[in-house]
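**Student:** I have a structure I would like to understand better, so I am pasting it below and will then ask my questions one at a time.
Bear in mind that the values in this text are calculations on the coordinates, not laboratory data. The shown structure was predicted, so the numbers you read here are calculated from the model rather than taken from an experiment. Glycine also receives a Cβ, built like all others from the backbone with ideal geometry; neighbour counts cover every protein chain displayed.
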Amino acid sequence: MDQKSINNKKVARLKTEISELQEQLDQRKEELSEIQKGCEHSFRETNVIRECYKCGYAESMYY
Ligand SMILES: [Zn+2]
């Protein structure tokens, strides 16, 4: 097998893995946002953001 076809196989595998991981990432984000939606936030504030210490939801202090 020459280098080119080895690379092609590798690229195809990586692309598959990336799209699988992307899907998992989307699921995790969805899961996280469900938790954050149901949370009664308790914010701790810094100069730039405020962040809920229960669910990690953060928003910028700049609007
Ligand atoms: Zn929260």
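**Student:** How about the range 1-42: which of its residues are not charged (D, E, K, R) and not in a helix (DSSP H, G or I)?
**Tutor:** Of all residues in the range 1-42, those not charged (D, E, K, R) come to 1, 3, 5-8, 11-12, 14, 16, 18-19, 21-22, 24-25, 27, 32-33, 35-36, 38-39, 41-42.
Across the range 1-42, the qualifying residues are MET1, CYS39, HIS41, SER42.
**Student:** For the range 42-61, enumerate the residues that are under 19 Å from the mean Cα position of the chain (by Cα) and more than 14 Å from the ligand (Cβ to nearest atom).
**Tutor:** SER60
**Student:** I've got another one for you. Could you count how many residues in the range 1-14 are surrounded by 10 or more Cβ atoms within 10 Å (Cβ to Cβ) and among the polar types (S, T, N, Q)? So that I can check it myself, show each step before the final result.
**Tutor:** Initial filter on the range 1-14 (surrounded by 10 or more Cβ atoms within 10 Å (Cβ to Cβ)): 6-14.
Right, trim to among the polar types (S, T, N, Q) and you get 7-8.
Residues meeting the conditions: 2.
**Student:** Got a sec? Which of GLU40, GLU17 is loosely packed, with under 10 Cβ neighbours inside 10 Å and among the acidic types (Asp, Glu)? Give the derivation first.
**Tutor:** Values: GLU17 fails: loosely packed, with under 10 Cβ neighbours inside 10 Å.
Testing whether each residue is loosely packed, with under 10 Cβ neighbours inside 10 Å and among the acidic types (Asp, Glu) leaves just GLU40.
**Student:** Taking the conditions exactly as written (touching a Phe, Trp or Tyr at 6+ places or on another chain (Cβ under 6 Å) and within 11 Å of the ligand (Cβ to nearest atom)), does CYS39 satisfy them or not? Reasoning before the result, please.
**Tutor:** Working: touching a Phe, Trp or Tyr at 6+ places or on another chain (Cβ under 6 Å): no; within 11 Å of the ligand (Cβ to nearest atom): yes.
For CYS39, the condition - touching a Phe, Trp or Tyr at 6+ places or on another chain (Cβ under 6 Å) and within 11 Å of the ligand (Cβ to nearest atom) - is not met.
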